[in-house]
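Notes follow once the structure below has been shown.
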Amino acid sequence: MSEAAAGGDLVALPRAAVLMLWTSAYLRGDLGPDDASEMSHGVGRSAPSGEGEDLFTWMTSLRRLPLAQLRLVLPVPGRIAGLVGPPAALPAALDAEQAIVVTAAGIADHTLIPVISPADPSGGARHAVGWTRLAAPLGTHVPPAASSGHARQELLRALRRVADGSIDLDLVPDEPVEPARIPPTWISTALPRHVDAGAAHLLVLAARTLLLTRSEIDEGHGHTIHLAEALARRGLLDELHDAARSALVEVVERITADQTD
């Protein structure tokens, strides 16, 4: 199902972000772990692989951790801040382009990473999804999130610079993203009822911008002919991509932090 389905009530997000949102709904008592774990799979395109961590068990285990907190990491090569190990977590998180770092009283407990594989041997859109849990090295302290607290303003400023510039970018974050631009590492989801309107708007704006800039970067220079224009275009895309990623991480962590303290 596309992001535009259900009257526009669905939003495409990284699978780790979806899991964090529904886990926070469970931890605040809005629904049980069975429903929360089911909702964490998102809508359409995928099914549990039956391998790795059971999400029901994982969610309920969080209540046994002192001062548990969930940290979203969306790593890209060269930018892996927030990952805590073990060494096997790095390539797995980079391959999935996401991870959840779970802390207990400020000490890293484990990292949870989605593992996506094709569920349709004919090459269809459906994927099987499992979750790998990797214990963190003992005693690893996790610093506070490096959040500016102004992610929305910074994203809007970056979008304004793009709109006011002379470089033509095919970015329309006011409209739903085409299903073809949503990678298997993302999934569409409804939002838990405790997500307020402001946070929901920022989630949608950041997620759409991140998907669109990623797609533009992957497609290369497109119609650009001159090298100077191509470099300027890539610079704008990189700036916007970074701003959108930071905004997405910040708003997801803000939504979940109050529920897992």
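The values are calculated or read from the model by the stated rules, or taken from the named source; none is laboratory data. All of these numbers come straight from a predicted model, not from anything done at the bench. Cβ coordinates were reconstructed from backbone atoms using ideal geometry, including for glycine residues, and neighbour counts include every protein chain displayed. Only protein heavy atoms, including side chains, enter the accessible area calculation; ligands, DNA and RNA are left aside. Shrake-Rupley method; radii C 1.70, N 1.55, O 1.52, S 1.80 Å.
Within the set Ala81, Ala99, Ala16, the sole residue that is under 17 Å from the mean Cα position of the chain (by Cα), open to solvent by less than 10 Å² (accessible area, probe 1.4 Å), over 17 Å from Pro192 (Cβ atoms) and not charged (D, E, K, R) turns out to be Ala99.
Any residue at all in the stretch 60-67 that's touching a strand residue (DSSP E or B) at 6+ places or on another chain (Cβ under 6 Å), of a type in the set (Val, Ile, Thr) and touching a residue at least 24 places away in the same chain (Cβ under 8 Å)? Scanning the stretch 60-67 turns up no residue that is touching a strand residue (DSSP E or B) at 6+ places or on another chain (Cβ under 6 Å), of a type in the set (Val, Ile, Thr) and touching a residue at least 24 places away in the same chain (Cβ under 8 Å).
Looking at the stretch 34-41, can you tell me whether even one residue there is under 30 Å from Asp238 (Cβ atoms), open to solvent by less than 30 Å² (accessible area, probe 1.4 Å), under 15 Å from the mean Cα position of the chain (by Cα) and touching a residue at least 12 places away in the same chain (Cβ under 8 Å)? No, because not a single residue in the stretch 34-41 is under 30 Å from Asp238 (Cβ atoms), open to solvent by less than 30 Å² (accessible area, probe 1.4 Å), under 15 Å from the mean Cα position of the chain (by Cα) and touching a residue at least 12 places away in the same chain (Cβ under 8 Å).
Among the numbered conditions (1) at pLDDT below 80; (2) within 17 Å of Ala17 (Cβ to Cβ), tell me where Arg214 comes up short. Answer for Arg214: the failing condition is (1). The listed residues are Gln69, Gln98, and the only one of them that is at pLDDT 85 or above, touching a Leu at 6+ places or on another chain (Cβ under 9 Å) and of a type outside the set (Lys, Arg) turns out to be Gln98.
So which residues in the stretch 133-175 are modelled with pLDDT of 80 or more, crowded, with 16+ Cβ neighbours inside 10 Å and under 17 Å from Leu210 (Cβ atoms)? Passing the criteria: Ala151, Arg152, Glu154, Leu155, Ala158, Leu159.
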